[in-house]
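None of the figures in this text is laboratory data; all of them are computed from the coordinates on show. In this text, all values refer to a predicted model and were calculated from it rather than measured experimentally. When we count neighbours, we look across all protein chains shown, and the Cβ atoms used for this are built from the backbone with ideal geometry, even at glycine.
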Amino acid sequence: MTVVQLVALAAVAVGGTVTVLVRDPVRQAMAAGIFGLALAVLFFLFEAPDVALSQIVVASVAVPLMVLLTLAKLRRDDEEPDDE
Amino acid sequence: MSRRARTLLAVAALAGLALVLAVALHGLPGVGDPHGPNARSVPVVLAKERHAANAVNGVTYDLRATDTLGEELILFVAALGAAVLLRAGRGEQGGGDTEDDTPPTSGALRVVGAVLVGPVLVLGGYVVTHGHLTPGGGFQGGVILAAALLLVYAAGQLVALERVRPIDLVEAVEATGALAFALVALGGLIFSGALLANFLATGTLGELLSAGTIPVLSVATGIEVTAALTLILSELLDQTLVGGRG
């Protein structure tokens with residue numbers, strides 16, 4: 001195992017822990033995105049470029065965006081109380 | 001359960017998990033040095049019999065293609081379900097009256113977003129069509145193509161966004177991708193006697209038009225994945241950012 005692989009493993013460990021420890025959902029989505037990017041680098045370094053390619057877009061773009069959009073939708077619903 | 005009891009339970013469970021993981025990891029082969037029978041035979045079989053240079057893609061779209069057909073249909077149904085659920089909630093709000101508090105998009109973001117759309121589209125098309133030669137394939141390329149849509153949004157072109165994702169067309173394209181995969185699967189049954197059998201000429205190893213049905217299925221998956229993600233993200237964007245327009 002090379003030094004670069006060890007650094008990537010450490011980055012993933014730190015990223016995962018930070019994602020769990022952050023409590024605000026908006027910041028959590030951002031942390032999860034960076035964690036996903038670290039995972040993509042890890043996959044690439046461990047000779048799985050096919051997985052890394054999908055990981056880059058899915059975990060660092062699509063999933064955080066869907067979480068953020070859902071949060072925005074929930075907040076908007078809270079701001080507009082039902083008057084029926 | 002008290003906080004103390006929960007902490008104790010968590011520590012005990014984590015210690016047990018760490019032990020099991022350590023035992024399991026101890027038995028794994030070294031990194032980049034697989035000795036399993038599949039790791040040795042699959043790339044050879046795919047290169048010699050199917051003329052596919054990328055073994056990962058060969059497994060996904062040939063040796064294990066039935067599994068991929070199932071995955072493709074799962075994504076199809078998931079996108080459909082998300083669209084139906086989000087559309088049902090559309091009438092909940094009356095017009096986009098909460099738009100005013102959103103800060104304006106910065107100039108740098110607009111320029112970078114607009115400049116990157118073209119290259120990202122080209123990259124996505126390349127990854128979809130070259131899956132049997134280099135790392136990539138239908139799913140990977142499809143998500144990259146769908147990310148181009150997000151760049152259009154990031155560039156702040158809501159009007160342009162309306163134009164690049166007419167929902168009806170996206171739905172039709174998604175169904176076409178799924179149908180194309182199913183038709184190729186049936187083609188194997190008709191021409192070679194087995195579902196998803198590789199019934200096309202396999203050509204020369206390393207050429208763009210080679211590996212038989214593998215690139216065809218890859219392109220079908222690329223179309224389906226692009227449309228499915230575009231559909232889900234468009235419905236979400238409609239719901240949250242454009243305001244509940246009908």
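About its Cα centre, the protein assembly as shown has a charge dipole of approximately 1140 debye under the convention of +1 per Lys or Arg Cβ and -1 per Asp or Glu Cβ, with nothing else charged. Rounding to the nearest 10 and keeping the result within 0 to 90°, find how far the Cα-based axis of helix A:25-45 lies from the longest principal axis of chain A. Tilt relative to chain A: about 20 degrees. Here the label points at residue B:121 and residue A:17, each 7 Å from Cα along the C-beta direction, are separated by 4.5 nm in the simple model. In the stretch A:3-77, inverting the average of 1/r over every pair of distinct C-alpha atoms gives 12.8 Å as the Kirkwood radius. Summarising the amide proton neighbourhood of residue B:131: residues at separation of 5 or more, or on other chains, whose placed amide H is nearer than 5 Å comprise B:137.
Evaluate peptide A:54-66: per residue, the Cβ atoms of other protein chains within 10 Å of its Cβ; return the mean as an integer. Let's see the in-between values first.
Details: counts 10, 2, 4, 13, 6, 0, 1, 7, 7, 0, 0, 6, 5.
Taking the mean over all residues of the peptide, I get 5.
With N the number of residues in the protein assembly as shown, Rg(Cα) / (2.2 N^0.38 Å) evaluates to 1.14. For chain A, find the longest principal axis of its Cα atoms and tell me its angle to the long axis of helix A:3-21, 0 to 90°, nearest 10. Tilt relative to chain A: about 20 degrees. Computed from backbone phi with θ = phi - 60° and the Karplus coefficients 6.51, -1.76 and 1.60, the 3J(HN,Hα) list for the stretch B:167-172 is 4, 4, 5, 4, 4, 5 Hz; x is used for glycine and proline.
For the stretch B:65-77, putting each phi into the Karplus relation 6.51 cos²θ - 1.76 cosθ + 1.60 with θ = phi - 60° gives couplings of 5, 4, 4, 5, 4, x, 4, 4, 5, 4, 5, 4, 5 Hz, in residue order, rounded to whole numbers and with x for Gly and Pro. For chain A, adding -39500 (n - 2.57) for each run of n ≥ 4 DSSP H residues and dividing by the number of residues yields -26000 deg cm²/dmol at 222 nm. Charged side chains reduced to their Cβ positions (Lys and Arg at +1, Asp and Glu at -1) give the stretch A:3-77 a dipole of some 400 debye around its Cα centre. Remark: mean inter-chain Cβ contacts per residue of B:131-140 equal 3, using a 10 Å Cβ-Cβ cutoff to other protein chain atoms.
Please say if the stretch B:175-235 is rounded, prolate or oblate, where rounded means a/c under 1.5 for a ≥ b ≥ c the square roots of the C-alpha gyration tensor eigenvalues, and otherwise the choice is prolate for a/b larger than b/c and oblate otherwise? It would help to have the intermediate numbers written out before the result.
Values: a/c = 4.75, a/b = 1.64, b/c = 2.89.
Oblate is the answer for the stretch B:175-235, as a/c is 1.5 or above yet b/c matches or exceeds a/b.
Annotation for the stretch A:54-73 versus the stretch B:165-179: alpha-carbon center distance of 22 Å. Spatially, the stretch B:1-75 and the stretch B:190-233 are offset by 24 Å when compared through their Cα centroids.
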